[in-house]
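The values are calculated or read from the model by the stated rules, or taken from the named source; none is laboratory data. Since the model is a prediction, treat every value here as computed from it, not as a measurement. Quick reminder, even Gly has a Cβ in these numbers, built from the backbone with ideal geometry, and neighbours come from all protein chains shown. These area figures cover heavy atoms from the full protein model, side chains too; ligands, DNA and RNA do not enter into them. Shrake-Rupley method; radii C 1.70, N 1.55, O 1.52, S 1.80 Å.
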Amino acid sequence: MNRQEIDKLVKQMNVDTATGSVDTRVQQIVVRLVGDLFQAIEDLDISQTELWKGLEYFTDAGQANELGLLAAGLGLEHYLDLRADAADAKAGITGGTPRTIEGPLYVAGAPESVGFARMDDGSESATVDTLIIDGTVTDTEGNVIPNAKVEIWHANSLGNYSFFDKSQSEFNLRRTILADADGQYTALTTMPVGYGCPPEGTTQFVLNKLGRHGNRPSHVHYFVSAPGYRKLTTQFNIEGDQYLWDDFAFATRDGLVATAADVTDETEIARRNLDKAFKHIQFNVELVKEQAAAPTTEIDRRRVSA
Ligand code: MBD
Ligand code: FE
């Protein structure tokens, strides 16, 4: 069939049959996607067996709750960031810390504190490097933003995230820190290790077919928000990781690479109330003022709330 025949058929089956009220936006999207699927079946001569295998794949991926992971791995989530960047540029919005993907592993409801939080539960402190992350939240002119909400989440030394990894304590390595009066936040935590897709999972299954790995570099996620400013979704990725520029989720970006400095100076260790050398990352965040013409950066997606 050619595209005109396909479009006619899709319209006959999914538009002309309407007898109830129509959500025209959903109708528009369904008609387009079904038509594009039919066209792909034509162009690639997709067999019935291949089509059913594909639907079965989505059933399995959904049941495994891996569709968010698949969206990251196929580059869909990064593509949406690139589109958001382009929309911002078109609206004349420049500056601020770059955005990058949220990923599928945020959990709402983490413990809140002002200025400082210890993020780890101590279970890895004997075996894993201590990490101090600090920084200042400012606007694009360098004015500090006291009280900015800094939500931080990251993996443990096995690349696993609490809640999804039931062996970890509740909200381990997840905190909400309100910046202090000087716009500063400090997190005391442990060094994360990059995430790897479950090797037997549905996402890795497709990545294997593509000859791709499913690894991310070591990274730390952020949501940063404050009244009057655009919500920022970002991460830093840590210099020295073999996957830094080979991230299966394409989240590493210029301006979001952090260096973990080794701190061995005894006075500095004592000043931080620590008893061993630690790693230090400074990650300052610049928020852009909310403005009328700006596309929203609040994305409504299903998130776990613990
Ligand atoms: C992660 O930790 C992550 O950040 C993304 C984007 C995908 C899978 C795991
Ligand atoms: Fe992550």
Q: Determine whether the range 248-263 contains at least one residue that is within 14 Å of ligand 2 (Cβ to nearest atom) and among the hydroxyl-bearing types (Ser, Thr, Tyr).
A: yes
Q) When both residues are 6+ apart or on different chains and their Cβ atoms are under 9 Å apart, which pairs have a first residue that lies in the range 240-259 and is closer than 8 Å to residue 217 by Cβ, and a second that is open to solvent by 70 Å² or more (accessible area, probe 1.4 Å)? A) 252/245; 252/246
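Residues of the range 145-170 being away from ligand 1 (no atom under 16 Å from the Cβ) and assigned to a loop (DSSP other than H, G, I, E, B), which ones?
So the first thing to find is which residues in the range 145-170 are away from ligand 1 (no atom under 16 Å from the Cβ), and the list is 145-150, 166-167, 169-170.
Within the range 145-170, 145, 146, 147, 148, 166, 167, 169, 170 qualify.
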Q | Condition broken by residue 204, with the remaining ones in (1) open to solvent by 50 Å² or more (accessible area, probe 1.4 Å); (2) within 16 Å of ligand 1 (Cβ to nearest atom); (3) of a type outside the set (A, V, I, L, M, F, W, C) satisfied | A | (1)
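Does the range 156-173 hold any residues that are touching a Leu at 6+ places or on another chain (Cβ under 7 Å) and within 11 Å of ligand 2 (Cβ to nearest atom), and which are they?
Pass one, the range 156-173, residues touching a Leu at 6+ places or on another chain (Cβ under 7 Å): 156, 161-162, 164.
Those that are touching a Leu at 6+ places or on another chain (Cβ under 7 Å) and within 11 Å of ligand 2 (Cβ to nearest atom): 161, 164.
Return the only residue of 237, 143, 156, 215 being over 27 Å from residue 85 (Cβ atoms) and assigned by TED's automatic domain parsing to the domain that holds residue 293. Talk me through it step by step, then tell me what you get.
Values: 237 fails: over 27 Å from residue 85 (Cβ atoms); 143 fails: over 27 Å from residue 85 (Cβ atoms); 215 fails: over 27 Å from residue 85 (Cβ atoms).
Only one candidate qualifies: 156.
Residues in the range 189-198: is at least one more than 16 Å from ligand 2 (Cβ to nearest atom), over 19 Å from residue 96 (Cα atoms), of a type in the set (Ser, Thr, Tyr) and in the same structural domain as residue 84 (by TED's automatic domain parsing)?
In the first step, residues of the range 189-198 are kept if they are more than 16 Å from ligand 2 (Cβ to nearest atom); the result is none.
No, the range 189-198 contains no residue that is more than 16 Å from ligand 2 (Cβ to nearest atom), over 19 Å from residue 96 (Cα atoms), of a type in the set (Ser, Thr, Tyr) and in the same structural domain as residue 84 (by TED's automatic domain parsing).
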Q) In the range 223-306, which strands (runs of 3 or more DSSP E) lie fully inside it and hold 2 or more residues that are exposed (fewer than 15 other Cβ atoms within 10 Å of the Cβ)? A) 261-263
Q) Just one of 59, 94 is over 19 Å from residue 221 (Cα atoms), over 14 Å from the mean Cα position of the chain (by Cα) and in a loop (DSSP other than H, G, I, E, B); which is it? A) 94
Q. Picking from 71, 89, 40, which residue would you name as being surrounded by 13 or more Cβ atoms within 10 Å (Cβ to Cβ) and part of a helix (DSSP H, G or I)?
A. 71
